[in-house]
Amino acid sequence: MASVFENTNWMLAPILVPLAAATVAFLLMGIRGEARRNAQNAVGLAAALGVALSALALWAMVSGGGPVRYELGGWEAPLGINLYADGLSVFMLITTAIVGGAGSVYALGYFSGREGEDARRKEDLQDETGSFWPLWMFLWASMNGMFLAADAFNLYITLEILGLSAAALITLGGTRMAFSAGMRYLMVSLLGSLAYLLGVALLYGSFGALDLATLGEAASPIPPVWAALALISLGMALKTGLFPLHFWMPAAYTSAPSAASAILAGLVGKASFYLLLRVWFDVFGGSAPPAAGQIPGVLGAVAIVWGAVMAMRQTRIKTLLAYSSVSQMGYLFLLFALVSGAAPERSFEAWGGGVYLVLAHACAKAAMFMAAGVVIYSVGHDEIPRLRGIFQKLPISVATFAVGGITMMGLPTSGGFTAKYLLFTASVGTGQWWYSLVVLAGSILAALYLLRFLNPALIQVPTAKVYRDAPQIMSGTAFVLAVFSVFLGLMSAPLFELLSVGAPFPSGTMGGS
Amino acid sequence: MPLALALAAAPITALAGTIRPSWTAPVGVATSALAFAAVFWAWAFAGGGSVDFPWAPTWNLRLAFELDGLAALYAMLATGIGLAVVVYASKYLPLHLEHQGRPDADIPRFHAFILMFMGSMVGLVMAQDLLLIFIFWDLTAIASYFLIAYDVHEEESRYSALMAMLVTGITAVLLLVGAMMLYVEYGTFLLPELIETAEPGVYLTTAAAFMAIAGLAKSAQVPFHFWLPRAMAAPTPVSAYLHSAAMVAAGVFLIGRVYPLVQTSQFLLDALLVMGFASMVVGGVLALSRDVLKQLLAYSTISQYGYVVFMFGLGGPYGAAAASFYVIAHALAKSALFLTAGAVTESSDGETRLSHLGGMLRQQPLLAASSGAAAAGLAALPLTIGFFKDELFFEAALERGMPFPLLALFGAVLTLTYMWRFWTGIFLGEPRQESRPLPVAMLAPITILGVLTIFGGVVVGPFTNLAEAAGAVTFNGETPISPAYHLDFRPVNLLALATFGLGALVIISRPLWSGAAGVFSRIGEKVGPQKWYDLSLTGLNAFSDRIHWLEVDTLRSRIVAVLIPLGILVGAGLLVSAPAEASIYSVGTVEAADIPLIVALVLTAVAAVAATVPRNHLTLVLVLSASGFSLAAVYAFFGGPDVALVAVLVETILTLLLLAVLALMPSAVLKRSETHGSSPGTRRRAYLVGGASTVVAFLGVWGALSRPTPEESVAAQHIELAPDAHANDIVTVILADFRGLDTLGEITVVGIALLGISALLLRGRLW
C-alpha cells in the first residue's frame, strides 16, 4: 500500500477529477430532459467520490512523509508551477470533500423539483439548463487547485475560476434578486482578485519569482511588500466577507439556490480565507510586524458581534444564516491577532483553532442552509413568522438547524467548541483576554439568534401548509452533516496531527499551561 | 452502571412511546425504578465506584465519573423523586391533557423529556470533569425548556420556557468561563486535581465566583429568582421535579461541587451569605402574599434554597454537611407538596387559587394527612426530618456567632408561617369546592413521600450518613453532624422554640402584615430583575433594528468602503517601511530621448481625467479608448511591441463591445442618465473614490519602481531554457509549458463565463 501513496501523481487527482467531470457534465448539457439529469448526477457523484478518495490518499501521504511537492511538467520552482501539499492543504481538501460531497448528494434531490406547483416559490428548484453540475464541478476544481497551488499567479487563476463560477451559481435561481446579488458578487469578486493580482505583480516586480516558497525566503520589509500585503489582505478579506466588507454576503447567500448557498457559505468564503492564511504566514511570515495582525483581529471581533446582532432581527432563515456567517467568519480573523501575541507557544493553538473552525463551520452552516432549502422546497418560502410550528411537519430539518446550532454556539463535543476553545485559551494565554470576551459574547448571541427561529418553529400551533414533500435524501444529508459537525470535537486529534504537518508554527503543547 | 441505566431510560421510554403510546408510562416507571435501584445499590453495597477514561487526550479531557457521597445524594434524589413523579404523572397527565383537549399522543414526549432530565441530572452529579459538568448542565437546561413549554399552545408557557432557558443558559456560559480560566492556569478540568493544585488568590476567586453565579442562577437565588415562579407554567409533576430534585437542586449541587474552590475566599462566602439571606427573605415574604398554590410553593423554593446557600456561606464542616442534609429534607417535603397542589387542582376541577379552596380535610383525608406531614417537615416541626434540618441550620449559625442565629430565626419563622398558610388554606375551614376522588397512582407517591418525611424524623441515621458523605465531598474533609432530639434548653432548642412561638404570633397577626407583603411584591414587579430582563431583550432588538439601516446601502458606496482603507493601508505600509536613507523620495533625470514617452504618458493621464467629464455615453467610450491606445503607445516605447499589439487589440475589442452595448440599450435609458446629472453627494463620493484610487496606484507604482530590478528573475531562466522546451519563442513556452496549468485555468475561466452567460440569457441553449 505504501508504495501507492508515495506516488506524487495523486496530487493531480483532486484538481483533475472535478475538472474532467465538469467538462463531461458540460458536454452532457446537450442532451435534453430526464436523461441529462441522470447522466449529470452520475458524473457528479463519481467526481465527489474521486475527490474524497484522493483527499484520503493525500492525507496518508502527507501524514506519513511530511509535505509533498509536485513539479508540473518537470520544471522545478521557481521556473515552472509546483503543486504543494502540507497539512493545511490536505485539511482543506478534506473539508471540501466532506461538505462538497454532501452538497452533491443534496443537489440530487434539490433539483428534482417539478414545475408549476406554487407560484409563490422563492427559488427555482429546477435546473432547466443543466448548468449546476458543470459550474459546481469547475468551482470544486478551482478550490482544490487553490489548496494545492504553490505559485502566486496560479493562485490568482484559481481565484478567478472560483469567483466566476460562484457568481454564475448565485444567478442560477433566475430570479431578479438572484441576478442582482450575482452581479454584486461578481463585482466584489473581481475587485478582490484584482487587488490580489496587483499585490502579486508588486511581489514579482520586487523579487522576480512567483513561487510561494521562493517569495517567502526573499521577502523582506520593504515598501512593495507592504503594499502587496495590504492589497492581498484587503482583496481576500473582501472575498471572505470580513466586516465591514461583508455587504455582499447576505444577498448572495439568500438569493442563490439553497444547494448553491450551502456550498457558497460552507466552502467558497473559506477558500479565500485559506489563501490569506497561506500568503500571510508563508510569504509574509517574517516581514509583517506583529501589530499588523491586530487589524484583522479587531475587525473580526467587531464582525462577531455585528453579524450576530444583525442576525437576530432577520425574518428569513437564509438571511439569518448569512448574517450568522458574517459573525462566524469574524472568529476566523481573530487568529491573526492571536498568533502575533506575546506568547509564541500559543501560536499553533490560535492558528489551529481558526483553521478547525473552517471545517466545523463549513459542515454546520452548509447543513443549516440545506435544511433551509428543505423548508423552501416543502413550504415554498423561508419566512420565519410564517413558519410557526413547522417542527410538526419538518422535524428533521428543524432538528438539523438545532444540531448545527450547537456548533454555532460552540457547545462542547462540537467542532465549534474545539475551535472556539482553542481561540479562547490562546487569547487568555497571550494576555489578550478581551478577545476571549468576544468569543463568549458571540456564543451567547448565537444562542439568541438561533432561538429566533427555533422558538417559533417548536410551538404546536396550526402550521403552514406543506404542499409537497422534499425528497428524503435532502433532509437526510443535511441532518447527517449537522450531526457530523457535532462529533467533530471528539475526533479532533488526528486532524490536528495532520494540521501540524508543515504548519507555520510548532505544535508543542496545546492547551494547558 | 447507574449512569448508563439513567441515561438509557429516556431513549428506551421514547422508543416504547413511539411503538405504542400506552406503553410509555409503565416503561418510564420501570426504567426510573431500575435507575433508582442501581444508584441505591451502587452506593449502599458496592461503595461508590468510578469510571475514568480519556476522551480528547490532546487537551487532557477525560470522561471521569464517580459516585461519591455528593453524587450519591443527588443521584438518589433525582432517581427516587423522579420515580415518584413518573408514577404520579402516569395518572395526572391523561387528566391534564383531557382538560386541555389534547391527544394522548403528547404523553410519550413528556416521559421522554423528564427521563432525559433525570439522566442528565445523574450524569451531572457524577461527573468529575468541569467540562462534562457543563455538558450535562446544558442538557438539563434543554430538557427543562421542553418540559416548561409542554403546554405549547399557551403563550405564557413559551415565554416562561424561553426565560428559564435564557437565564440559566447565559449564566451557564459563566460556568464554562470559570472552567476555562482554571484550565488555562492549571491545565486540567478534573475537579479533584484542581482542588489539590489550585492556590487561593484573586484569580481562583474570580473563576470560582463565575461558577458560583451559574449555580445561583440555576437555583433561582435573588436576583436571578424571577424565572422560577414563571416556570410554574409547566405541568405540576414537572414543577415538583424541577424544584425538589432536578433543575433548581442542580444549582445548589454545583455550589456544593465547587465548594472547595469557593471556600478559599472569605469574600465569596460572605457574598453567598448575603445572597442566601436575601433569597430567604424575598422568597419567604413573597410566598406569604401569593394566592396561586404553585406560585406560593415556587417562592418557598427560592427561600428554602436561600437557606442552603446561607449555610454554604456560613462555612465550616457544619455548614457543608447541614446544607446537604437540608437538601434531602427539602426534596422530600417539597416534592410531596407540589404533587399535593396538583392533586388538589385536579380533584377540584382546575382550581388553583388558595382563596377559592378550603375544608378539603373531610373530602381527602389521606391527602391531607400526607401533605400535612410534608408541610410539617418543611416547617420543621418535631418528629419530622425537617426538625433536624432546622436544628443543623441553627447549629451552623450558632457556630458562626451573632447575628447569624437571629437571621436564621427570621427565615425559619417565615417558613413556618407560609407553610401554615398553605396547608390550612387548603384543608381547614369550610369546603368551598367539589372534590372528586383521586386515583391511587397519584395519592401513593404523596403518601410515601409524607411517610418518609416522618420516618426521617424518627430514624435519622441513614439520612445523616448520606449527608455526612456528601458534606465530606463538599467540604473536602470530614464533616461529622449529629442531629438528635435533646430534651434540654440548649441554644438550638431555644431557637426552635422561638421559631414556633414567633410563628404562632405572626400567624395570628396576619391582618397586620398581609398588606405590607402585597406592597413588597408589587414593588418587586415594578423594579425587580424581571423588568431588567425584559428591557435588555427589547433593547437588543431595537439596537439590531437600528444598525440594520446602516447595513442597507448601495454597491457604489461600498466600493468606497473598500478603496479608502486600501489607500490608508498601502500608504501606511509605505511610510512605515520606507528605508531611512530616503532613497525612495529621489527623482531621476529626464533626457531628450524620453520626451515621446512623456508625451504619451501625459496623453494617457489627460484622457483618464477627461473621462470623468462627459455626460454623453458615446463621448465617454471614445475618451476611454483614447486613454487605452495611448497606453499601448507607452508599451511600444518601452520596447515591448508584442505587448503593445496585444494592448491595441484589446482596446479595439473593448471599444467595439462598448459601442455595441450602447447600440442595444434602449435610447430612453441612455437619455435619462444623460439629462439627469448626479447629485452633489454622489459626485463628492465619486471624487473621493477617484482620489483614493489615484493615491493607491501612485504609491504602489512608486514603491515598486524605486526598487532595483531583482538580480535573479525567473524571466531570465525562461529565456535560457526555452530551447530545452522545444520552442523558439518564449511566450509560447511560458503559455504551453512552463506555466501550462495557468493556461488551462484561463481557458476554464472563459468556459465558465460562457456557461454562466448561457444559463442566464439563453436558458442554457448552447447548441
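Things to note:
- Residues of segment B:256-291 with amide N under 17 Å of the 7 Å Cα→Cβ point at B:ILE195: B:256-265
- With Cα atoms, 0 to 90° folded angle of helix A:472-487 axis to chain A main axis: 40 degrees
- At full extension, B:ALA660 and B:ALA610 could sit 15.8 nm farther apart than now, given 0.36 nm per residue minus the alpha carbon distance.
- Sites A:VAL305 and B:SER50, calculated FRET efficiency, Cβ-Cβ separation with R0 45 Å, nearest 0.05: 0.60
- Residue-averaged [θ]222 nm for chain B, counting only DSSP H segments that reach four residues, each worth -39500 (n - 2.57): -25500 deg cm²/dmol
- When the Cα positions of B:THR694, A:PHE207, A:ALA230 are compared along the charge dipole of the protein assembly as shown, B:THR694 comes out farthest toward the positive end, with charges on each C-beta of Lys, Arg, Asp and Glu.
- Remark: the protein assembly as shown carries 37 Å² of accessible area per residue (probe radius 1.4 Å; ligands, DNA and RNA excluded).
- Whole-Hz couplings from phi, Karplus 6.51/-1.76/1.60, listed for segment B:532-537; x for Gly and Pro: 5, 4, 4, 4, 5, 5
- Whole-Hz ³J(HN,Hα) from phi, Karplus 6.51 cos²θ - 1.76 cosθ + 1.60, for segment B:490-501, glycine and proline x: 6, x, 4, 5, 4, 4, 4, 4, 4, 4, 4, x
- Each of B:VAL458 and B:PHE698 was given a label point 7 Å from its Cα along the Cα-to-Cβ line. The distance between the two points is 10.0 nm.
- Taking a Cβ cut-off of under 13 Å around B:LEU70, the surrounding Lys, Arg, Asp and Glu residues balance to a net charge of -2, with basic ones at +1 and acidic ones at -1.
- The radius of gyration of the Cα set in the protein assembly as shown, together with its Dmax, comes out at 35.6, 122 angstrom.
- Label point at B:TRP41 placed 7 Å out along Cα→Cβ; residues across segment B:71-88 whose backbone nitrogen lies under 17 Å: B:76, B:79-80
- Using the Cβ of B:THR748 as centre and a radius below 13 Å, the other residues enclosed give a net charge of -3, where K and R count +1 and D and E count -1.
- Sites B:ALA592 and A:ARG176 - FRET efficiency at Förster radius 51 Å, r taken between beta-carbons, to 0.05: 0.30
- Cα centroid separation - segment B:340-416 against segment B:420-493, whole Å: 9 Å
- Taking a ≥ b ≥ c as the square roots of the eigenvalues of the alpha carbon gyration tensor, segment A:289-513 is prolate, as a/c is not under 1.5 and a/b beats b/c.
- Ranked by solvent-accessible area (1.4 Å probe, protein heavy atoms only, all chains present), the residues A:LYS239, A:LYS393 order from largest to smallest as A:LYS393, A:LYS239.
- Prolate/oblate/rounded label for segment B:416-467 (Cα gyration tensor, a/c 1.5): oblate
- Here the Karplus curve 6.51 cos²θ - 1.76 cosθ + 1.60, taken at θ = phi - 60°, turns the phi angles of segment B:683-695 into couplings of 5, 4, 4, 4, 5, 4, 4, x, x, 4, 5, 4, 4 Hz, with x standing for Gly and Pro.
- Charge sum, other residues only, whose C-beta stays under 13 Å from A:LEU72's C-beta, Lys/Arg counted +1 and Asp/Glu -1: -4
- Three-way shape call for segment A:22-104 based on the alpha-carbon gyration tensor, with the a/c threshold at 1.5: oblate
- Area buried, chain A against chain B - accessible surface, total, 1.4 angstrom probe, square angstrom: 8200 Å²
- Nearest 10 degrees, 0 to 90: helix A:33-65 Cα axis against chain A principal axis: 30 degrees
- Compared with the dominant principal axis of the Cα atoms in chain A, helix A:294-312 is inclined by about 10°.
- Point-charge dipole on Cβ atoms (K/R +1, D/E -1) for segment A:360-501, about Cα centre, debye to 20: 380 debye
- In terms of the mean number of neighbouring beta-carbon atoms within 10 Å, the peptides B:316-328, A:67-79 order highest first as B:316-328, A:67-79.
- Separation in nanometres of the label points that stand 7 Å from Cα toward Cβ, at A:GLU217 and B:ASP724: 1.7 nm
- Mean residue ellipticity at 222 nm, helices only, chain A: -23000 deg cm²/dmol; runs of at least 4 DSSP H residues each add -39,500 (n - 2.57), and the sum is divided by the number of residues.
- Among the protein heavy atoms, those of B:PHE638 account for about 150 Å² of accessible surface (1.4 Å probe, every chain in place).
- Nonpolar atom fraction for the protein assembly as shown, defined as the carbon and sulfur part of the 1.4 Å probe accessible area, stands at 70 percent.
- Rounded to the nearest 20 debye, the dipole size of chain A about its Cα centre is 1700 debye, using +1 on the Cβ of Lys and Arg and -1 on the Cβ of Asp and Glu.
- Spin-label model, B:ASP349 to B:GLU478: label points 7 Å out along the Cα-to-beta-carbon direction sit 6.3 nm apart.
- The alpha carbon centroids of segment A:186-228 and segment A:384-430 are separated by 37 Å.
- Calculated FRET efficiency for the pair A:TRP434/B:ASN541, C-beta based, R₀ 35 Å, to 0.05: 0.85
- Minimum 20 Å² accessible area buried by the other protein chains, segment B:735-753 residues, probe 1.4 Å, relative to alone: B:ASP737, B:PHE738, B:ARG739, B:LEU741, B:ASP742, B:LEU744, B:GLY745, B:GLU746, B:THR748, B:VAL749, B:ILE752
- Dipole moment magnitude, nearest 20 debye, segment B:54-161 about Cα centre, only Lys, Arg, Asp, Glu C-beta charged: 200 debye
The values are calculated or read from the model by the stated rules, or taken from the named source; none is laboratory data. Just so you know, these numbers come straight off a predicted model, no measurement behind them. A quick note on method: Cβ atoms are made from the backbone with ideal geometry, for glycine too, and the neighbour counts reach across all protein chains shown. Protein only, heavy atoms only, side chains kept; ligands, DNA and RNA dropped before computing areas. Shrake-Rupley method; radii C 1.70, N 1.55, O 1.52, S 1.80 Å.
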